[in-house]
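K.L.:
Could you have a look at this structure, given as structure tokens, before my questions?
The values are calculated or read from the model by the stated rules, or taken from the named source; none is laboratory data. Note that the structure is predicted; figures quoted are calculated from it, not measured. Here the Cβ positions follow ideal geometry from the backbone for every residue, glycine too, while neighbour counts run over all protein chains shown. The accessibility values were calculated without ligands, DNA or RNA, using every heavy atom of the protein model including side chains. Shrake-Rupley method; radii C 1.70, N 1.55, O 1.52, S 1.80 Å.
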2 protein chains.
Amino acid sequence: MSSMETEKGAEQPAAVAAGSSNYSCIRADVGLRLLLLAASIVAVVLMVTSKQTKNIPVPTIPGLTIANPAKFDDSAALVKGNRFAELTIEICENIDVLGLYSIITTIASLAVMGKSSVPAKYFWILAVHDLLVLGLVAAATGTAGGVAYIGLQGNSHVNWGKICNVYDKFCRFIGSSIAVSLFAAVVLVLLVAINVYSLYRRTPGSSVW
Amino acid sequence: MSSMETEKGAEQPAAVAAGSSNYSCIRADVGLRLLLLAASIVAVVLMVTSKQTKNIPVPTIPGLTIANPAKFDDSAALVKGNRFAELTIEICENIDVLGLYSIITTIASLAVMGKSSVPAKYFWILAVHDLLVLGLVAAATGTAGGVAYIGLQGNSHVNWGKICNVYDKFCRFIGSSIAVSLFAAVVLVLLVAINVYSLYRRTPGSSVW
């Protein structure tokens with residue numbers, strides 16, 4: 001990944017002291033933000049399409065089966081309040097927010113990319129916002145991961161049965177969605193890191209490392 | 001919280017161009033790191049002391065009860081592999097690492113505090129490490145929170161029963177531990193933010209905001 005790519009930008013007339021004061025990684029920044037947008041779209045699509053219905057035999061009345069859907073559905077889950085997917089709502093809502101956030105910041109980065117000199121304030125503001133979003137995405141991925149792990153392994157000590165052997169497609173989709181969210185969290189870490197690096201390179205007397 | 005506290009440090013003889021090049025928030029940084037250390041110790045103590053044993057009647061043989069402990073215990077949980085606390089191991093191991101990390105970085109910050117001028121590289125390196133630790137702590141807190149939420153509410157759709165009505169003290173301790181971890185994550189966000197702000201204030205031409 002070209003995250004350490006250098007984009008110097010044209011020299012500003014009233015250039016300030018340090019030679020590296022125009023240093024920025026805007027191109028890498030824009031690339032990573034597009035990656036983030038793609039990841040958030042994929043994660044939402046996986047969540048939304050994860051519905052799976054299984055006919056589960058009712059033990060007492062042989063022959064009678066009930067359709068028992070495991071699906072991700074915001075409103076239904078909120079009304080019924082007892083689905084496996086309940087906790088994964090959180091991650092999906094966060095991912096929706098993440099998609100919107102990545103669109104806004106990509107536009108901001110593209111706008112700044114055209115300028116001859118990017119103000120340092122831009123990196124500072126962006127780094128702090130990326131940081132907050134990173135906290136939310138990492139926590140949501142952890143939450144969904146924890147719940148999905150119980151679905152996969154169960155917990156016999158407290159009688160929580162596995163459900164992924166029944167709802168296989170559902171679990172595969174949710175699992176993939178969690179993997180994509182984890183990837184998004186890593187991209188956010190890289191984004192904060194390159195923005196902080198851009199700031200660092202602009203301080204007087206900074207070296208490449 | 002004095003996170004925006006200013007510490008100018010003595011003027012360096014060969015001071016570089018920009019007036020704000022010695023700006024740093026080292027005192028706030030050290031304070032937050034000590035807070036982080038305290039939080040990680042409290043969280044570990046809560047996890048370790050959360051053991052609770054309940055006599056649960058065996059339904060088929062009236063009068064016979066089995067002692068059924070719910071406790072956090074690394075080795076036991078790893079051997080049995082099926083306790084409620086199993087997933088919370090992850091967060092506790094991360095908290096151990098967090099405690100060690102906060103000790104090391106507090107010492108580093110104290111060492112740097114004595115110097116007349118803190119090099120910009122210090123903030124850059126610290127911000128990136130804090131960032132990685134933040135990702136781990138946020139994800140671990142989310143994981144433990146997700147599992148604890150099922151313990152509290154259960155999930156009747158997939159027959160996962162509540163357990164916190166039985167193991168009340170255990171759940172209170174684990175819950176408090178999760179709250180403290182969340183607090184640690186917030187402290188880490190503040191730490192990254194003030195280090196990035198220190199870097200920003202050192203760039204030529206930066207303003208207070």
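K.L.:
On the given criteria, is B:Ile174 modelled with pLDDT of 80 or more, assigned to a helix (DSSP H, G or I) and farther than 30 Å from A:Ser207 by Cα?
P.N.:
Working: modelled with pLDDT of 80 or more: yes; assigned to a helix (DSSP H, G or I): yes; farther than 30 Å from A:Ser207 by Cα: yes.
It is true that B:Ile174 is modelled with pLDDT of 80 or more, assigned to a helix (DSSP H, G or I) and farther than 30 Å from A:Ser207 by Cα.
K.L.:
Now a separate question. Kindly list the number of the only condition in (1) out of contact with any strand residue (DSSP E or B) (no Cβ under 9 Å at 6 or more places or on another chain); (2) in a helix (DSSP H, G or I); (3) open to solvent by 10 Å² or more (accessible area, probe 1.4 Å) that fails for B:Cys164.
P.N.:
(2)
K.L.:
Given the conditions (1) hydrophobic (A, V, I, L, M, F, W, C); (2) open to solvent by less than 10 Å² (accessible area, probe 1.4 Å); (3) out of contact with any strand residue (DSSP E or B) (no Cβ under 8 Å at 6 or more places or on another chain); (4) under 18 Å from B:Val48 (Cα atoms), which single one is not true for B:Phe170?
P.N.:
With respect to (1) hydrophobic (A, V, I, L, M, F, W, C); (2) open to solvent by less than 10 Å² (accessible area, probe 1.4 Å); (3) out of contact with any strand residue (DSSP E or B) (no Cβ under 8 Å at 6 or more places or on another chain); (4) under 18 Å from B:Val48 (Cα atoms), B:Phe170 is out only on (3).
K.L.:
Scan region A:178-201 residue by residue and report those that are touching a Gly at 6+ places or on another chain (Cβ under 7 Å) and without any contact (Cβ under 8 Å) to a residue 60 or more places away in the chain.
P.N.:
A:Ala185, A:Val189
K.L.:
Being farther than 10 Å from A:Gly142 by Cβ, open to solvent by 10 Å² or more (accessible area, probe 1.4 Å) and not aromatic (Phe, Trp, Tyr) is the filter here; which residues of region B:140-153 pass it?
P.N.:
B:Ala148, B:Leu152, B:Gln153
K.L.:
Can you name the residue in region B:166-204 that is in contact with a Lys or Arg (Cβ under 9 Å, 6 or more places away or on another chain) and within 8 Å of another protein chain (Cβ to nearest Cβ) and, of all such residues, is farthest from B:Val118 (Cα to Cα)?
P.N.:
By that ranking, first place goes to B:Pro204.
K.L.:
Right, another one. Taking the criterion of being open to solvent by 50 Å² or more (accessible area, probe 1.4 Å) and of a type in the set (Gly, Ala, Ser), would at least one residue in region B:178-198 satisfy it?
P.N.:
yes
K.L.:
Any idea which of A:Val128, A:Val97, A:Val133, A:Val137 is surrounded by fewer than 24 Cβ atoms within 10 Å (Cβ to Cβ), at pLDDT 85 or above and either more than 11 Å from chain B (Cβ to nearest Cβ) or within 25 Å of A:Met47 (Cβ to Cβ) (or both)?
P.N.:
Matching residue, one of A:Val128, A:Val97, A:Val133, A:Val137: A:Val133.
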